Amino acid sequence: MKTKSLLLVAVDFLIMFAGLGIIMLNQYPNIDYSPVPWALGAAVMGIVIQLFLVKGRYSSDIWIFPMVLFFSSLGIIMLARLKPILCVPQLRWLMIGMVVMLGVLYFSRQLKNMMQYQYILGICTLVVLCLSLLFGVEIGGSKNWLILGPISVQPSEFGKILLVLFLAAFLSDHGEMLNAAKRKFLFLDLPPIRFIAPLLVIWGIAILMFVVQRDLGSALLFFCMAVFMTYMGTGSKSYVFIAMLFFGLGAAVSYAFFSHVQVRFNIWLDPWADPAGQAYQVVQSLFAFAAGGVWGTGFTHGHPGLIPEVHTDFIFSAVAEELGLLGCTVIMMVYVMLFYRGIMIAMNCKKELHTLVAAGFSIALFTQAFIIIAGVTKFLPLTGITLPFISYGGSSMVSGFIMIGLLLSLSKKEKVHGA
């Protein structure tokens, strides 16, 4: 099994080099060799890290990292195809992400000890989320960026890590209290406000992100994470109903008073009402899916460049056009497998706190992938979040590897079956 995981890492990088090779052939005679040394460096680093994980010093799950490298390799070649100038920066972020993951594994014990300070984590979560509310710069229609010199940072990408840690610590410590101290209201079992106040604050922040920052994707992601983790921590359906009611009322008020919310919703209902205007991205995305069909037009043989911001929000549409339904199915299956491995880690943890952390990170990654895929296929209103490890973005890449590092650290003592 360990040899197979090493072979899988090798296959991941073979995919990367094969894709880069095809792109270079298409560039002949003006071939850009700049991504090659960075790709070689990333490949060497990835293989060394997998050998390190196979020894089992810090992790017992040797399958998660190869799946992440599959997404990263696919993202690199799609960026080289769609926006070559971003290929080398993404390779740099990939290498930085792997280094950060190693750091998380090395300092995992200290990071686990931090979860004892739940209210400090809660304050840090609010501070990080409010940074973009107060000082955010609007890029691509969403006010969720901080400009730090030459670097653009999305605080929400790191806020979701803190949110998982805070909710896990809060729910593991107050789960019994939330279930025991309840009052009957209609068909709901409600706890005193002081017990549920932190959850209400998180849900309120999600709605603020939706309204003020125009960041539907992050708002929906944070809301789903909070609801799923609350249900896992308490087992109470009343909390789920309250959360859905809370978010539904907030969305209805937002639709009534804010024009940008109405635009997003109307585009989702009928993009063909304005196909050359506000719905242009969604319409071009649907055309890309139709053009790709089952088998795809072939790598480098499609026209995904017709979609604005195709390298971020709509990279899945580019995959659908050139690799077809088969390529999309493979990607979605690997996301499901990554989610499964994460849940297996959670189920094998002995401490409730660790169970909630592992499940929370698994849900965060899977939900983020689901939301953006649903958005570009018009299953849900379009959101402005990245496809984990595939879309371009340094904040997304680094935060993703932090979550993977914490997941792997939790798999060390609680050994996963079949690893």
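The values are calculated or read from the model by the stated rules, or taken from the named source; none is laboratory data. Everything quoted here is computed from the prediction, not taken from an experiment. Here the Cβ is made from the backbone with ideal geometry for all residues, glycine too, and neighbour counts use every protein chain on show. Remember, those area values only see protein heavy atoms, side chains included, never the ligands or the DNA or RNA. Shrake-Rupley method; radii C 1.70, N 1.55, O 1.52, S 1.80 Å.
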What's the ranking of 337-350, 23-36, 113-126, 216-229 by average number of surrounding C-beta atoms within 10 Å, highest first?
216-229, 337-350, 113-126, 23-36
Order the following by accessible area, largest value first: 274, 313. Probe radius 1.4 Å; ligands, DNA and RNA are ignored.
274, 313
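Expressed as a rounded percentage, what relative contact order does the chain have, with Cα pairs under 8 Å and six or more residues apart?
Averaging sequence separation for qualifying contacts and normalising by length gives 22 percent for the chain.
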The answer for residue 297, listing residues at least 5 apart or on another chain whose modeled amide H is closer than 5 Å to its amide H, is 322, 323, 324
Mind listing the long-range amide H neighbours of residue 145? Cut-off is under 5 Å, sequence gap 5 or more, other chains count too, H placed in the peptide plane at 1.01 Å from N.
137, 139
Helical mean residue ellipticity (222 nm; -39500 (n - 2.57) per DSSP H run of 4+; nearest 500) of the chain:
-24500 deg cm²/dmol
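So what is Rg over Rh here for segment 1-123, counting just Cα atoms and using Kirkwood for Rh? Show your work: numbers first, answer last.
Numbers: Rg = 17.2 Å, Rh = 15.9 Å.
Rg divided by Rh gives 1.08.
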Could you give the nm distance between label points at residue 114 and residue 22, where each point is 7 Å from its Cα heading toward the beta carbon?
4.0
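Quick one: in segment 257-331, what % of C-alpha pairs are over 18 Å apart? Walk me through the intermediate numbers first.
On the way: 1172 of 2775 pairs.
Roughly 42 percent, once rounded to a whole number.
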Tabulate in residue order the Karplus-calculated ³J(HN,Hα) for segment 70-84, using 6.51 cos²θ - 1.76 cosθ + 1.60 with θ = phi - 60°, rounded to whole Hz; enter x for Gly and Pro.
4, 4, 5, 5, 4, x, 4, 6, 5, 5, 4, 7, 8, 8, x
Integer Hz, Karplus 6.51/-1.76/1.60 couplings in order for segment 86-93, x for Gly and Pro:
9, 5, 5, x, 5, 5, 5, 5
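When the expected Rg is taken as 2.2 N^0.38 Å, what fraction or multiple of it is the alpha-carbon Rg of segment 278-411? Could you put the intermediate results ahead of the total?
Values: Rg = 16.3 Å, N = 134, 2.2 N^0.38 = 14.1 Å.
Its radius of gyration relative to the 2.2 N^0.38 Å reference: 1.15.
Given 0.36 nm per residue, what is the gain on full extension from residue 36 to residue 148 after removing their alpha carbon distance, in nm?
Numbers: separation 112, 0.36 × 112 = 40.32 nm, distance 2.89 nm.
Length gained between residue 36 and residue 148: 37.4 nm.
I need to check one value: relative contact order of segment 68-149, counting alpha carbon pairs closer than 8 Å and at least 6 residues apart, in percent.
Working: 31 pairs, mean separation 9.8, N = 82.
Rounded, it is 12 percent for segment 68-149.
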Gain upon complete extension [residue 135, residue 330; 0.36 nm per residue less C-alpha separation]:
66.3 nm
In segment 324-419, if the dipole is taken from +1 on Lys/Arg beta carbons and -1 on Asp/Glu beta carbons about the Cα centre, which of 394, 410, 383 is farthest to the positive end?
410
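May I ask you to give the percent of accessible area on the chain that is carbon plus sulfur, with a probe radius of 1.4 Å? Spell out each step's value before the answer.
Working: 13020 of 18510 Å².
So the carbon and sulfur contribution to the accessible surface is 70 percent.
Size of the dipole of the chain about the Cα centre, Lys and Arg at +1 and Asp and Glu at -1 on the beta carbon, nothing else charged, in debye to 20? Can you show the working numbers first?
Working: 25 positive and 17 negative charges, 267 e Å.
Roughly 1280 debye, rounded to the nearest 20.
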Using a 1.4 Å probe, what is the accessible area per residue for segment 1-107, in Å²?
45
Dipole-positive endmost among 367, 20, 300 within the chain (Cβ charges, Cα centre):
367
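Just the number please: accessible area per residue for segment 360-414, 1.4 Å probe, all protein chains included, in Å².
Numbers: 1130 Å² over 55 residues.
Solvent-accessible surface per residue comes out at 21 Å².
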On alpha carbon coordinates alone, what is the Rg over Rh value for segment 312-374, Rh being the Kirkwood radius?
1.12
Quickly work out the residue 173-to-residue 278 label distance, labels modelled 7 Å from Cα along the C-beta direction, and quote it in nm with one decimal.
4.4
Which label belongs to the value computed from this structure, given these candidates for volume of the Cα convex hull per residue in Å³: [x] 165; [y] 147; [z] 181?
[y]
Determine ³J(HN,Hα), in whole Hz, for all residues of segment 276-281 in sequence, where each value follows from phi through the Karplus function 6.51 cos²θ - 1.76 cosθ + 1.60 and θ = phi - 60°; x replaces Gly and Pro.
9, x, 5, 9, 4, 4
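When only the heavy atoms of the protein chains count and the probe is 1.4 Å, how do 270, 12 rank by accessible area, highest first? Can you show the working numbers first?
Values: 270 75, 12 5 Å².
So, going from the largest accessible area down, we get 270, 12.
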